[in-house]
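Everything below concerns the one structure shown next.
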Amino acid sequence: MKKIVVFLLLACAFACTGKKAEVEIIVHNFSSLDRENEIVEMDTAVIGAFRGEGFVLCDSAGRQIPYQVTYDGKVIFPASVKAGENAKYRITAGNPEVFDTIACGKQYPERLDDIAWENDRIAFRTYGPALQATGEKAYGYDIWVKRVAEPVVDMRYRLELNPEIRAQIAKLRKSDSEAASKLANSVSYHIDHGNGLDYYNVGPTLGAGTSALVVNGKIVYPYCYKDYEILDNGPLRFTVKLVYNPLDIPGEGLVEETRVISLDAGSQLNRIAVRFDSLRQEMPVVTGIVMHAPSEVCQMDTAARYIAYAEPEVSTDGQIYVAAVFPKAMKEAKIVKFSEKEQAERKALGHVAAFSMYRPGDVYTYYSGAGWSKWGFDSPEEWFDYVQHYAQRLRTPLKLTIRY
């Protein structure tokens, strides 16, 4: 989980003292929760003394810890700290070990410009201009569940879209439909082959925690992204910037939306920062989780700042859990049902929705994501506990002291 951290610079830099370059980092946990492999960040000024040479980051036992320098000038790494305690880390000159990439993603022009990303817990995708050109409406974030720590999304696309296999399937369909179906199923990412699958339905809804402006009580659904830029691509954080076609907002004219989405190693939730350029007046914004079937298995807590929902279980594929968490207070949280006509069109009942106010020039930041009953959460109650603790960690971030 990305955290806001506080830096206390307690001595002058090595350039002033002439001492050998070494940095001690003390991570303080002032909360009542143990924090395990939680991503913390510090400004790259901390590693200024190591410019021109490599550096390693180690824990108190001397074990190397993976780190990443991000696009926005941060050094991030996973910290583990018991409740109410501190943990020490040290940066020294040296050649770092090669660590596995955990958080990563890319665009898939061969699949209608999907952008898909993942970490060791979960995977997501969002839809691009090629899909929009087909006329299909898919507004929200999609969930790809997984149950292995290593990256799987690229492999799933390569199998599903393999041109030679697609040609074999097409040929078989003319003579042996059963064999064609068997081969298609063997490469389909809609079937679990041991590492998870895609079985979440988005359609013309907000899907898994997408946000949108609300005008005169109606959601102005964002369509597929127009332009993208991948800003970070592992090993510990994936970040993508998405720019959308301008929306014609009544009374406002054209408003352009920009989103920056980050997923950290170990986290079930993305950090999402949304900006609406050219908006002139304060306006409601909603973050929604689509409800596909009647369910009372959801929680909404404006005081604790989260909404959470458990999808109905699907045969042997298990149960998907979805949530959104907010650093700032929500105005309202409630279930918003579609009209009968909308239910037929959107193939869903409505949204579990959280409402806030967006002020021109602001950045609307929140966290949304998902879990799966076959990878770490045996019940909705375990998911709700995770979400509650996530919200609590946001309210009591880990803090850093830097000593040179």
For this session: Please list, ordered by first then second residue, the pairs with beta carbon atoms under 7 Å, 6 or more apart or interchain, first in the range 134-153 and closer than 26 Å to ALA348 by Cβ, second aromatic (Phe, Trp, Tyr) and at pLDDT below 95.
Result: TYR139/TYR221; TYR139/TYR223
Exercise. Are any residues in the range 105-127 more than 22 Å from TRP372 (Cα to Cα), touching a residue at least 60 places away in the same chain (Cβ under 8 Å) and either part of a strand (DSSP E or B) or in contact with a Phe, Trp or Tyr (Cβ under 6 Å, 6 or more places away or on another chain) (or both), and if so, which ones?
Worked result: LYS106, GLN107
Exercise. Out of all the residues in the range 204-218, is one or more outside any loop (DSSP other than H, G, I, E, B) and in contact with a Leu (Cβ under 7 Å, 6 or more places away or on another chain)?
Worked result: yes
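Yes/no matrix, rows are residues, columns are (1) touching a Leu at 6+ places or on another chain (Cβ under 6 Å); (2) in the same structural domain as VAL148 (by TED's automatic domain parsing); (3) not hydrophobic (A, V, I, L, M, F, W, C); (4) not in a loop (DSSP other than H, G, I, E, B):
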| site | (1), (2), (3), (4) |
| --- | --- |
| PRO222 | no, no, yes, no |
| LEU231 | no, no, no, yes |
| PRO235 | no, no, yes, no |
| SER262 | no, no, yes, yes |
| GLY266 | no, no, yes, no |
| ARG271 | no, no, yes, yes |
Exercise. In the set LEU213, LEU279, LEU247, LEU269, which member is touching a residue at least 24 places away in the same chain (Cβ under 8 Å) and touching a Ser or Thr at 6+ places or on another chain (Cβ under 9 Å)?
Worked result: LEU269
For this session: Output the residues belonging to the range 47-89 that are of a type in the set (D, E, K, R), over 20 Å from ASP100 (Cα atoms) and in a strand (DSSP E or B).
Result: LYS88
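The values are calculated or read from the model by the stated rules, or taken from the named source; none is laboratory data. Every value quoted in this text rests on a predicted model; they were computed, and no experiment measured them. Note that each Cβ is placed from the backbone with ideal geometry, even for glycine, and that neighbours are counted across all protein chains shown.
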